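Note sheet for the following structure.
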Amino acid sequence: MPSSSDLHDPAHEPGREPGREPTGRTPYALDRRRFVGYVLGGATLVAAADLVLVDAPPAGAEIPTVPQIPEVYDLNDMLTDAARPTANLIKVTINEDGTASFELPRAEVGQGITTSTAMLIAEELDLPLDRVHVTLAPARPELLFNQLTGGSNTTISTYTPVRVAAAVARLALLEAAAILLGDTVGGLVAKGGVITAPGGASVTYGELAVKAAASGDRAVEVQLKSEDDFALVGQPTNRVDAVAAVTGAKDFTTDLDVPGALPTMVCRAPTLNGTPVSVRNQAQVESMPGITHVAQVSTGVAVRAETFGQCIDAVRALDVAWKDGPVAGESDATILRKVRAAQLPMPRLPDTPLAQTVSGDFTFWFRSNSAMDTNSAIADVRPDGATIWAGLKSPIVAQQQIALKLGMAPDKVKVNVVTAGGSFGRRLFFDAALEAAEISQAMGAPVRLMWHRADDARVGRGHPLGTCRVQATVVGTNVLAFNQSLTCVETDFRHGLGEIITAAAADLPAGVGNLGFAETIFTLTQEVPYDFGAVVQTLVETDDRFNTGSMRNIYSPDVRVAGELIVDKLAAKMKMDPYQFRRKFQRNPRLLAVLDTVAQAGEWGRAMPAGTAQGIAIHKEYKGVSACLVEIDTRPATTGREIRNAVTGPRVTRVTFAIDVGLAINPRGLEAQMQGGINDGIALALTSSMHLRDGHFLEGSWDNYFYTRQWNTPPDVRVIVMPSEETVPGGAGEAGVAASFAAVACAYARATGTMPTEFPINHGQLSFEPKPFTPPIPQSPTDGLELTS
Amino acid sequence: MPEQTFIVNGERVTVDVEDDVRLLWVLRDRLGITGPKYGCGINVCKACTSHINGKAFNPCAVPVGKLGADDEITTIEGLPDQVEPSQRGDHDLHPMQEAWLDQDVAQCGYCQPGQIMAAVALVNKVSREGGTITDADLDTIRNICRCGTYTRIRKAIVDGAARM
């Protein structure tokens, strides 16, 4: 086997050929598709590829006069490059039943990567999709930086290695078949898991699985299929886990049957991140029906019982002395004042009759990325080792931190990655896994920890409050300068790049490390996608006392909303139509194409009644481009709809969204991600935020936190996946949010005649009666039989 | 400890558990029926939606002691058996589940059992009232999907209603 350094010799690196054209088909395509992989020793055929064999994407053809950093090196390049120093293998195994199996070192949280990965393997192996089984790999510390699921990077970073491993398997099968059938590899045809010789003799992959197995490891050179020959990749394909999902068979963490892991919940403090001092009635609670254990831990008081219902009863019965958390007494208003105090001065721009400055100052309130599947984990901690099960996007650092917490060597902690019921950034951290491990150790028993919804909503991580100021200078029909300054409560990146080295760097004292990380992420993701002369974008973060993290699309939704609202103001200043203005200042042909597509398909400019309007916006990130055109109805008949325990308000009635993500592995999955991003954008613009009052967030459940519901969602949604000239995939999971949010904001401004300056627009009115903080979780109702329908 | 007897997915079961434990936990923690999901515990998210005697309800809001021995609970696991084999589709599932598959609705999948059970009950209700599913009917569905699969849910319900 060649050493990893051989593979990193630039001469062997794909996509680095001198003279290669930046986009489109190239005369060097054959070289771009040739890689080294391995056949590994095993009972059946095991084919492998180095996970760092990343096909470098071509440099953008559209270089503006002064390129912003993300255009030449973006967050995905950083995540991909972070993986380069490691040399570790991902393996496709051919089983005797003719199936192929693969452990994906990423987390499936609903974004569809098990499906797209299975498609890549099926394509390269010439095997039907239902014969490819993709599962999630447990924590593999040797992968170092390369087991982080984030930044919409999965497909970008694994596209080539997964294909190489599958291609190696195919070649080994063909070689074994050639011996068996007495022919040459070149004379054989592989299709549908069967290899056939010219004379008609055939053998199945299952029959070859053992014969193709190797006694030792060897390196082989393979050539990947040309994109032109793809039969499955690029075809709209249904999810591989869909049957399990619709039959209730899909298991999430709390569904797993781990022996002895009884339901466990935590009683938490009445102020955010408050800590327990003592339990006044432990014996009484221990004697309640079904209760097996009560234990004080660092985050609260844990209870373990026969059922979660009895955990709820026990949590509510606990009488605990608490120490206030670090934001006791604080509210939205006090935190906003601190954020404003941390703002950098904006440069003074001219405001004269000749050079006019347009400006805006926007506030974005705290938002929650609580998923349907609350924070949960199973932990079985024994004196000599521990086993953890949880939905984890950074399992290596989780393993390392849990080992630290338990006082064990990391190799004594086995961390299994479970399919999660949504993430939206939440599962980059491992709060429940760490807590479950601590509880299991304290109780001396296996635990199935589930956060109550009230805790998941109030204490779980979210998107920090921030302000975004924008100013732009106009001279005649040109924009000379565009400045944008984001100031926010800190976004926690202490998961680092998924292992403890960079996580520790992010955890340096006084937030210095995390700020460096935050600024890096900001710099690598943010750009102003217009030709606006001198562009400056800055980030200032302050206040590390909140439970935050990357919420789907991190900084981009807020930055794009502020930017696009000012773009509409600039258009108005120049007396231009918002769509035509965006065309005029756009030189990126991919962005122009998505913009024109939504304008045409969404009937931009059509006559609409007063109180309704269209809004249009664009975004560029994750190596893709998107545009969104929405129609909104702000008329009283719509905003005045009365629905119990709900927010109605303005309704987005129609959405037309176009995305060019590069090569779309599964257009149907991509469309689904955009549909989800649209609903996120609507929620961020109109309905969903967290209210901090007296040291705690008020939102305790889904009747308080108003994520988009059926009565808010647009009845008419059209997602257009653009044919792309790009031959490599971009990111999909987060790409739908920013343009949607911005288009809704712009439409609302046009429908009402007033540009909103805070988001969501309804934050000023509290639309619910807050639930109590003591006890910290609500009791379940008893009237369910009176509410059948 | 009190004995609780009721019918779940066609089978009569008896469980030793206190009267006030909500049915959701009896199903999930005692009987191992995990299709109904926990999402809030206060009957607002509807992730646990199942059927009782053919109507949609939320087991998180029903103390198990309120059930009678002949009350029939249907969870997502028992939905296919609610129709004749001839009415089932390519995957041997209920027409609404088949519509869900054809529309590729699920993303993370966590809320989907509840969504499907709510959809079946809604279609039955509209049908009892002699109507067909409209946008206004779809707007009344309270089940939350944090992945935002609402667009495909609406299509699947119209599709499923036509097959039911």
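Please compute the net charge surrounding B:Met96, taking Lys and Arg as +1 and Asp and Glu as -1 over other residues with Cβ under 15 Å from its Cβ. Before the final figure, lay out the partial values.
Values: positive: B:Arg88, B:Lys125, B:Arg152, B:Arg154, B:Lys155, B:Arg163; negative: B:Glu77, B:Asp81, B:Glu84, B:Asp90, B:Asp92, B:Glu98, B:Asp102, B:Asp104, B:Asp137, B:Asp159.
Overall, the nearby charge balance is -4.
Per DSSP H run of n ≥ 4, the term is -39500 (n - 2.57); total these for chain B, divide by its residue number, and report the mean residue ellipticity at 222 nm rounded to 500 deg cm²/dmol. Write down the numbers at each step before the final one.
Values: 4 runs with 45 residues, N = 164.
For chain B, the value works out to -8500 deg cm²/dmol.
What FRET efficiency would be calculated for the residue pair A:Arg545, A:Arg641, taking the C-beta separation as r and a Förster radius of 30 Å, to the nearest 0.05?
On the way: r = 38 Å, r/R0 = 1.27.
E between A:Arg545 and A:Arg641, to the nearest 0.05, is 0.20.
So what does log10 I(q)/I(0) come out to for chain A at q = 0.08 Å⁻¹, using the Debye formula with one equal point on every Cα and no solvent? These q points yield log10 I(q)/I(0) values of -0.70. By the count of neighbouring beta-carbon atoms within 10 Å, fewest first, A:His133, A:His619, B:His51 end up ordered A:His133, B:His51, A:His619.
Would you mind giving the mean number of other chain beta-carbons within 10 Å of the Cβ of each residue in B:95-103, as a whole number?
On the way: counts 0, 1, 6, 1, 1, 5, 7, 2, 3.
Across B:95-103, the average partner-chain Cβ count within 10 Å equals 3.
Given a cut-off of 31 Å, name the pairs among B:Lys37/B:Lys155; A:Lys191/A:Lys620; B:Lys37/B:Lys125 whose C-alpha atoms lie farther apart than that in the structure shown. Too far apart for the 31 Å limit: A:Lys191/A:Lys620. Annotation: Cα Rg of chain B relative to the compact-globule expectation 2.2 N^0.38 Å equals 1.02. Partners of A:Lys771 within straight-line reach, counting aspartates and glutamates whose Cα lies under 17 Å from its Cα and excluding those fewer than 8 residues away in the same chain: A:Asp313, A:Asp455, A:Asp456, A:Asp694, A:Glu699, A:Asp703. Approximating the spin labels as points 7 Å out from Cα along Cα→Cβ, the A:Asp217-to-A:Ala201 distance works out to 3.4 nm.
A simple packing score, the average count of other Cβ atoms within 10 Å per residue, orders the peptides A:552-561, B:110-119 as B:110-119, A:552-561, with the highest score first. Across peptide A:447-453, what mean number of C-beta atoms from other chains lies inside 10 Å of a residue's C-beta? Partner-chain Cβ atoms within 10 Å, mean over residues of A:447-453: 2.
Remark: spin-label model distance A:Ala607-A:Ala317 equals 7.0 nm, labels positioned 7 Å along the Cα→Cβ axis. A helix-only calculation puts chain A at -8500 deg cm²/dmol for mean residue ellipticity at 222 nm, using -39500 (n - 2.57) for each DSSP H run of at least four residues, averaged over all residues.
Given the pairs A:Lys91/A:Lys412; A:Lys393/A:Lys623; A:Lys250/A:Lys414; A:Lys211/A:Lys414, which span a C-alpha to C-alpha distance of over 31 angstrom in this model? Walk me through the numbers on the way to the answer.
Values: A:Lys91/A:Lys412 24 Å; A:Lys393/A:Lys623 21 Å; A:Lys250/A:Lys414 22 Å; A:Lys211/A:Lys414 33 Å.
Flagged as over cut-off: A:Lys211/A:Lys414.
Here's the list of lysines a cross-link from A:Lys573 could span, going by alpha-carbon distance under 24 Å and ignoring same-chain residues fewer than 8 apart: A:Lys584. Look at the alpha carbon pairs under 8 Å that are at least 6 residues apart: their mean separation over the length of the range B:3-75 gives a relative contact order of 41 percent. Counting Cβ atoms of other protein chains within 10 Å of each residue's Cβ and taking the mean over peptide A:285-294 gives 1. Residue order for A:Ile439, B:Ile42, A:Ile179, fewest other beta carbons within 10 angstrom first, comes to A:Ile179, B:Ile42, A:Ile439.
Since every read-out is calculated from the coordinates, none of them should be taken as a lab result. Everything numeric in this text was worked out from a predicted model, so none of it was measured. Here the Cβ is made from the backbone with ideal geometry for all residues, glycine too, and neighbour counts use every protein chain on show.
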